[in-house]
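Structure record follows, encoded as structure tokens.
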Amino acid sequence: MVDILFGKMGAYSVGAVGYVVLVTASSAFVQAFAPPDVFSARSQSSDVLTASSRSLIHLHSTKPQPIDPSGWPEKFPAKEHCSKCGLCETTFVSHVTDACAFLGDGMARNIDGLEKAVHGRRRNTQDLVWSDISRTDDGIAEEGRFGVMTRPMQLAKGKNVEGAQWTGVVTGIAVSMLESGMVDAVVCIASNDDDGIDNNWSNPQPILARTVDDVLRGRGVKPALAPSLAVLDELKDSTDIKKLLFCGVGCAVQAFRAIQHELQLDEVYVLGTNCADNSPTPEAAKKFLSRSFKDKLDGKRVRGYEFMQDFKVHVKYDDGTDQSQPSYERLPYFSLQGDVAEFAIAKSCLACFDYTNALADVVVGYMGAPLDSSMDASFQTITVRNKKGERMLKCAVESDRLQLGNLASGSGSHEKFASTTVSSDNIVQKMAG
Ligand code: SF4
Ligand code: SF4
């Protein structure tokens, strides 16, 4: 089943409510079956928002005024489709009509317009396999769906990173770049301590990390929309930062790429995660767990959760007896209640066409990697898109923070698999009405 899923589904997640199969009717399904030039089909649903967003920007054209995050989503230009990327919480809000992944041509404009500028070339759209017509491919992820690559997608584990959600691939790369002086600072998402020590796993707080300890605060996956770009003003005011690593999901990376030239940095690297279907808020993520797992999690300190390759939701928690060995509760996707998507998946994510994070230099994910006993023992996948990405990988391997494995590959007909899932899954049926 895992092989079939990887067989060109093209939708997988690090950190989000990575509901790859169950939301296929609304987004992943379309993404899996559509060539890249249909990115605009979804984005056009936001056209109606463009006029209001333009007038809002016009009002503030002399001095851009950040939008108060407490007004989300009504006060934000993309309204309910806003993925809370953080741009509008800074003075860079003046760029929103050109940068936002959910306004105007959105992701089509960003990816079609920036892919060549970022990677030096567009993806090879001829590299696209329909598995029920041809099985001449080698089971390796193709560019038509997965984006520009300098090498085939590969398996990887983080090394010497304690306390990560998986093995620490993202953290390991970021730490190695900071330790080696390749960058002066890292934009990443930490857990917000204001939420109390037992609950902070789900509450994302963007930070401009200047030390390894700061970067380590970013360990663990936050399963809710995270305003990564909210630190842009702090970054612009930090004249000592000339080389930056930005970490983020696809929609945040798109907005960052659109404004990165405004930051006057000497070097910019982008480390992305594959991402599918985040919860709109930390509260929604917690509600998802309490509704789905009921009393199974009572009294347990949750560390995180993922929708895994075995078609179960894995919740990682400390049982209080041995902090170095987390425990897991597991629940099959197909036993989840039908209305889960209504409150647990953000509207932006249901309209997203960038699960593969097309504009990052390196992307880390997990669907398509073989599942070991648990997530913290399993390989993840790594996609390298350009020369900067190759340098990032080299830095992490030479710093002994990253171990590379075999190529990630799959087999089977993803079309048949996706069709069967869409027609039989009760959450998809509920979403489709
Ligand atoms: Fe602004 Fe980002 Fe929301 Fe778009 S997604 S409206 S750029 S905060
Ligand atoms: Fe952003 Fe898409 Fe991830 Fe949602 S699924 S957080 S819209 S990249």
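Just a few scattered comments:
- Gain upon complete extension [T150, D310; 0.36 nm per residue less C-alpha separation]: 54.7 nm
- A straight chain from W130 to S411 at 0.36 nm per residue would run longer than the Cα-Cα distance by 100.0 nm.
- D98 sits with roughly 100 Å² accessible to a 1.4 Å probe, with DNA, RNA and ligands left out of the calculation.
- Distance between the pseudo-spin-label points of R121 and Q264 (7 Å out from Cα toward the beta carbon): 3.6 nm.
- Probe 1.4 Å, protein heavy atoms only - accessible area per residue of segment 289-395 in square angstrom: 36 Å²
- Hydrodynamic radius by Kirkwood, which averages 1/r over all alpha carbon pairs of segment 321-433, in angstrom: 17.8 Å
- Gain in span if fully extended, E80 to Q429, counting 0.36 nm per residue against the direct Cα distance: 123.4 nm
- Phi angles across segment 272-286 convert, under the Karplus curve 6.51 cos²θ - 1.76 cosθ + 1.60 with θ = phi - 60°, into 3J(HN,Hα) values of x, 10, 5, 8, 8, 6, 6, 6, x, 9, x, 5, 5, 5, 5 Hz, Gly and Pro given as x.
- Working note: Karplus 6.51/-1.76/1.60 with θ = phi - 60° gives segment 354-366 the couplings 10, 4, 8, 6, 5, 9, 7, 6, 9, 10, 10, x, 9 Hz, where Gly and Pro are set to x.
- Placed amide H near N192: partners under 5 Å, 5+ positions off or other chain: N203, Q205
- FRET efficiency, D295 to D233 (Cβ-Cβ, R0 45 Å, nearest 0.05): 0.50
The values are calculated or read from the model by the stated rules, or taken from the named source; none is laboratory data. No experiment lies behind these values; they were computed from the predicted model shown. Note that we place each Cβ from the backbone using ideal geometry, even for glycine, and neighbour counts take in every protein chain shown. With ligands, DNA and RNA removed, areas are computed over all heavy atoms of the protein, side chains included. Shrake-Rupley method; radii C 1.70, N 1.55, O 1.52, S 1.80 Å.
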